[in-house]
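Report on the structure given below.
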């Protein structure tokens, strides 16, 4: 990840023309942290071996720079059970968003205290029947003075610097007590993966995040990494050689709750998009779905997505079942690293798909487009609200509705009052019936005109779905 940074130490010297290079100790190291606002933490495997299971590591967060002080409270978070190769990073963020080159992403469930705190990486292991906890890398911070060498002081408030974040670099003074220091940075307004350092009153780009060996894909940014595997590790799976250097595929659409006559067991689908100019080999990659309980499907050898193409994988082939009441989907590389994921979704209505929009955000839409570009429509609830608003401001529609009600009332009264013996009354009744017919026909025609786009979309969806299923059957 790249960051924008303001440092009094940097601006004090006019001779400094570039920001320090990101660097961290040899361990599972804290390399980036955002304490205020939309918090995130990034750690890097700076050891010489793959970490086969990150779940052995925990984050311990204290609400004081001194974790042993009286009255200090703490919270903990276990890292996900995935492997992390040498040089790879894991990003934990409070609000999701871009992965910024991280091989693994997860939700940040602890909350960093703005005024001051202490964050530590702790490794757990079993020594016989005894659980051992080993303290690892750590950082402390304060909105005021922090007397611990190399740690963060004078953290600006979220209102004073909402984009403020920190990254780590090596102390140029090799004789100092702290071999590493933290640099204040600002997230770029147009790119949340870019840090800019303020030097002599001007912002310049900060360092790039190491470990990002492959090209980033289309919105939202997400990458995977081919890395050496420790021979002692049970996880020896790697990505296909032909995929190295390519952009990661994107999960682009989910259909959790097909509308009748479609069925969950056959017609639910998960769609992927290959943004590369060459085909992408999915052999050994996995799709994982669920929330509290997860299920996965491993793509068979030789599963290919052509260049610049969408490919939908249906439940009748994968055996995966998407929950109608809420869930999420992840794409994992053969080593188990998360390289792409959807936003979590809520309750799915019949026929709605969870689709990735052109702005990188996820939306509900009533237009399912398996194997084709997404079409994001206003959900049914919003359409109803929009139509109701339009009806209030549309004089012809309101008038015709009232007229139909009035005419209907008149017709009821006429039918229950018995036949009239007055020729003039009979003529008047016939005229009323003609008026009713004309008004009723006008109301129907107006309704057809008013909802012509919805009718056209329904016809288009039905035709498109038949064509897609027919084409999918021929290709399989």
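Just so you know, all these numbers are worked out from the coordinates, no wet-lab data involved. Because the structure is predicted, anything quoted here is derived from the model rather than measured. Cβ: placed from backbone, ideal geometry, glycine included. Neighbour counts: every protein chain shown.
Structure values in brief
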quantity	calculated
Efficiency of FRET between residue 190 and residue 279 - r from beta-carbon atoms, R0 30 angstrom, step 0.05	0.40
Extension gain (nm, one decimal) between residue 307 and residue 138, 0.36 nm per residue minus Cα-Cα	56.4 nm
Three-way shape label, the range 89-148, alpha-carbon gyration tensor, a/c 1.5	oblate
Distance in nm between pseudo-label sites at residue 317 and residue 130 (7 Å out along the Cβ direction from Cα)	5.5
Projected area, mean over directions - the range 5-205, Cα convex hull, nm²	12.5
The range 58-116: projected area of the alpha-carbon convex hull, averaged over directions, in nm²	5.1
Relative contact order for the range 266-375, counting Cα pairs under 8 Å that sit 6 or more residues apart, in percent	25
Quotient of C-alpha Rg and 2.2 N^0.38 Å, computed over the range 151-195	1.37
Cα Rg over Rh - the range 241-377, Kirkwood	0.94
Additional length obtainable on full extension of the chain from residue 153 to residue 173, 0.36 nm per residue less Cα span	5.3 nm
Estimated FRET transfer efficiency (residue 241, residue 70; beta-carbon r; R0 51 Å; 0.05)	0.30
Residue-span extension gain [residue 343 to residue 291] - 0.36 nm each, minus C-alpha spacing	17.6 nm
